[in-house]
Structure formats: structure tokens, C-alpha cells
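So the structure is just underneath, and the comments pick up after that.
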Amino acid sequence: MLPTAEPTPTPTGDAPPRATVIALHDRGQAGRLSRLATQALLAEVELSPKPGLVDPVSCGAHDDMDAETFRASITAIAPWFPVLHETGRAGHRDAPSRFLQRLRRPGMGCEDAMFAATRGVNTHKGAVFAFGLLLGCAGRLAAGGLPVTARSLTDLAARMARPLVEVELPAVECPGTYGEAAFVEHRMAGARGEAAGGYASVRRHALPAYRAVLEATGDDRRAMLQALLVLMATTDDTTLVKDGSLDGLRHVQRSARDLLDAGGVRAPDALTRLHRLDVDLTRRRLSPGGCADLLAVTHLLAHLPSGAD
């Protein structure tokens with residue numbers, strides 16, 4: 001029998017019981033969406049050149065992680081994806097606050113697995129939040145007999161995540177993360193705001209950019225790089241808001257807009273420009289990690305039916 005309650009993760013980040021994972025993968029949709037989520041994370045880390053970010057040839061602005069760290073992290077967190085889907089299915093009648101609370105336990109188990117695999121390095125905390133919510137919402141839709149499309153999934157995520165920005169963030173007094181500090185000091189809602197907004201930066205900007213380049217060139221790498229530039233130009237990435245300053249964020253946004261104005265990935269010297277920006281952001285220690293998470297979300301949504309516009 002399939003479990004209907006959340007697994008209780010151990011502090012060491014042990015994966016869910018093997019039999020549970022195999023059974024959940026046999027459920028069809030849970031397995032398919034979990035594979036798409038895993039493929040999206042792999043596509044993001046393997047993409048190069050990504051300014052300031054880790055890829056197979058550069059550690060970007062980081063000195064504590066490389067591409068192999070990310071691959072190990074993905075291997076560790078992927079077994080939790082079908083569990084998150086099933087947890088959302090089990091909570092399909094929950095009110096939003098209760099639904100979020102239900103997802104937190106497997107979400108923390110997934111995060112613990114990441115830290116165990118990376119020896120304490122934060123590679124995918126933002127992605128665990130985004131994919132945990134989206135997979136949970138997919139399970140909720142499935143339990144109600146509703147189709148899982150890019151539109152239905154992001155619309156439901158917005159409804160479920162609303163308490164995070166209406167209740168949780170305003171209650172923060174002592175910020176513990178860059179995102180919380182950015183909200184307290186600048187009223188930027190970060191990853192929570194992206195979710196509560198139905199990932200509008202992805203649906204309205206990154207996804208159309210990805211599809212346009214893919215249709216024109218048939219080159220998935222170029223499409224992903226264009227989507228990344230669009231996200232860097234348009235998103236208030238709170239991982240770039242450091243020590244209360246917006247300078248790093250604004251620099252990244254301006255630099256990405258300059259590349260897009262020059263033709264983006266369709267410019268003859270696009271890769272040279274991207275490499276130069278990578279050197280610049282690496283020197284400034286600026287890594288648009290929030291945009292990287294949203295790029296993975298873009299990849300996931302691009303492989304689902306679009307749904308109603």
C-alpha cells in the first residue's frame with residue numbers, strides 16, 4: 001500500500017525507504033514528473049557558460065562547490081521528488097497553510113539529504129523549495145482529477161504559497177537568510193514571492209524566450225542561455241542582495257540587459273560576451289543563484305502542456 005502521510009526524515013538526510021520510492025515511481029505521473037524535475041536540475045548545472053554560476057568548466061563566484069557537488073546533490077534529492085508528489089496528493093483537501101505545513105516535513109528531509117551529500121554546502125536549497133511546492137501541487141491536482149499543465153501548476157502554486165508572503169514574511173523580525181533580509185530591508189519577497197506570484201517571471205519572460213529561441217534554432221543550449229539572461233535582467237534575485245546593498249543585483253540586471261540588447265544568444269559574439277560576463281561576476285563574487293533555480297523551473301514547465309493562456 002502506498003503511504004499517505006509524509007515520511008519522517010532523519011537528521012542525517014537519509015533517503016526515503018527504497019520500496020517506497022519504487023512504488024511511487026510506478027504511479028506513472030509521480031515518476032514522470034520526478035524524472036522531469038531531475039532532468040531540469042541536471043540541464044541547469046550542465047549548461048555553460050553561466051555568468052557567476054557553477055557549470056562543468058567553471059565554479060563561477062563560488063569556491064566551495066563545483067559541478068560534481070551539484071551532481072551529487074541532485075542524486076541525493078531526486079528520491080524525495082515522488083514523495084513530495086504523493087504528499088501533495090494526500091493533502092489535496094488541505095487549506096493552503098495546512099498544505100504548506102504538510103509539505104515541510106518531506107521538504108526538510110530533501111534538504112537534509114542535500115546537505116549530507118554535499119557536506120554542508122547549499123547547492124539546491126532554493127530548488128528544493130520550488131520543486132517541492134510544484135511537485136506537491138502536481139499531486140494535489142492529480143488527486144482532484146485535474147490536468148497538470150504549466151498554467152494549472154503555477155496557478156495552484158500561487159494559491160498555496162500566498163500565506164508565505166501574506167503571513168510568514170511580514171512576521172520576520174530577525175532575518176536568517178538573504179531572502180528574509182531582502183524583504184525586511186527592501187520589501188523583496190524572493191523565492192516565496194516568485195511562488196506566490198505563480199512564477200510569473202518564468203511564465204511571462206523566461207519561458208517565451210526559451211521557446212522562441214528553441215523554435216528558431218532547434219538548439220536547447222541557446223534557448224536555456226537566453227532564458228537565463230532574461231531572468232537575470234528581469235528578476236529581483238535576492239541572493240544578489242548582500243549586506244543590505246542592491247548594487248550587485250542592479251549590476252547583474254544591467255549587464256544582462258546589455259547582452260539582450262546586443263542580440264542575446266543570437267549575436268555573433270554571444271558566447272564571448274557571456275564568458276566576459278562570467279569573468280566579471282566571478283571577480284565581483286556575484287552568483288545569481290535564484291535565477292538558476294528559476295531556470296530549472298523554466299525547463300520543467302517547458303516540458304509540460306502549456307494549458308490555457
For the range 205-309: rounded, prolate or oblate by the Cα gyration tensor [a/c cutoff 1.5]: oblate
Backbone HN-Hα couplings from phi across the range 144-160 [Karplus 6.51/-1.76/1.60, Hz, Gly and Pro as x]: x, x, 9, x, 9, 10, 4, 6, 5, 5, 6, 5, 5, 4, 4, 5, 6
Crossing angle, helix 96-118 versus the chain [Cα axis fit, 0-90 degrees, rounded to tens]: 60
On Cα atoms only, tilt of 81-90 relative to the major axis of the chain in degrees: 50
Computed over the range 77-215, the ratio Rg/Rh where both radii use C-alpha atoms and Rh is Kirkwood: 0.98
Packing rank of 232-241, 170-179, where each peptide gets the mean count of other beta carbons within 10 Å, highest leading: 232-241, 170-179
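Before anything else, pin down the relative contact order of the chain: Cα pairs under 8 Å, at least 6 apart, normalised by residue count, whole percent.
In percent, rounded to a whole number, it is 23.
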Mean-position separation - Cα centroids, the range 87-106 and the range 170-211, in angstrom: 21
Charge tally in the Cβ shell below 10 Å around LYS125, where Lys, Arg are +1 and Asp, Glu are -1, LYS125 excluded: -2
Area accessible to solvent at LYS125, 1.4 Å probe radius, in Å²: 80
Computed E for ALA262/GLU173 - FRET, C-beta separation, R0 45 angstrom, nearest 0.05: 0.55
VAL57 - accessible surface, heavy atoms, 1.4 Å probe, Å² rounded to 10: 120
Within-12-Å neighbourhood charge of VAL297 [Cβ basis; K, R +1; D, E -1]: -2
Cα-Cα separations in the chain greater than 28 Å, expressed as whole percent: 36
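Summing Lys, Arg as +1 and Asp, Glu as -1, what charge do residues with Cβ under 13 Å from the Cβ of GLU168 carry, GLU168 excluded?
My count for the surroundings of GLU168 gives 0.
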Relative contact order [Cα under 8 Å, 6+ residues apart], the range 191-237, whole percent: 37
Extension reserve of the LYS242-LEU271 stretch, reckoned as 0.36 nm per residue once the Cα distance is removed: 7.6 nm
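Extension gain ALA216-GLN29, at 0.36 nm per residue separation less the Cα-Cα distance, in nm?
Here the segment from ALA216 to GLN29 would lengthen by 64.3 nm.
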Angle between the chain longest axis and helix 67-77 axis [Cα atoms, degrees, rounded to 10]: 20
Backbone HN-Hα couplings from phi across the range 229-238 [Karplus 6.51/-1.76/1.60, Hz, Gly and Pro as x]: 4, 4, 5, 5, 7, 10, 9, 7, 6, 6
Å² per residue, accessible surface of the chain at 1.4 Å: 44
J(HN,Hα) series, the range 299-305, from Karplus relation 6.51 cos²θ - 1.76 cosθ + 1.60, nearest Hz, glycine and proline x: 4, 4, 5, 5, 9, 10, x
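The values are calculated or read from the model by the stated rules, or taken from the named source; none is laboratory data. These numbers were taken from a predicted model, which means no experiment stands behind them. Ideal geometry is used to build each Cβ from the backbone, glycine not excepted, and the neighbour counts take in all protein chains shown. Ligands, DNA and RNA are excluded from the accessible area calculation, which covers all protein heavy atoms including side chains. Shrake-Rupley method; radii C 1.70, N 1.55, O 1.52, S 1.80 Å.
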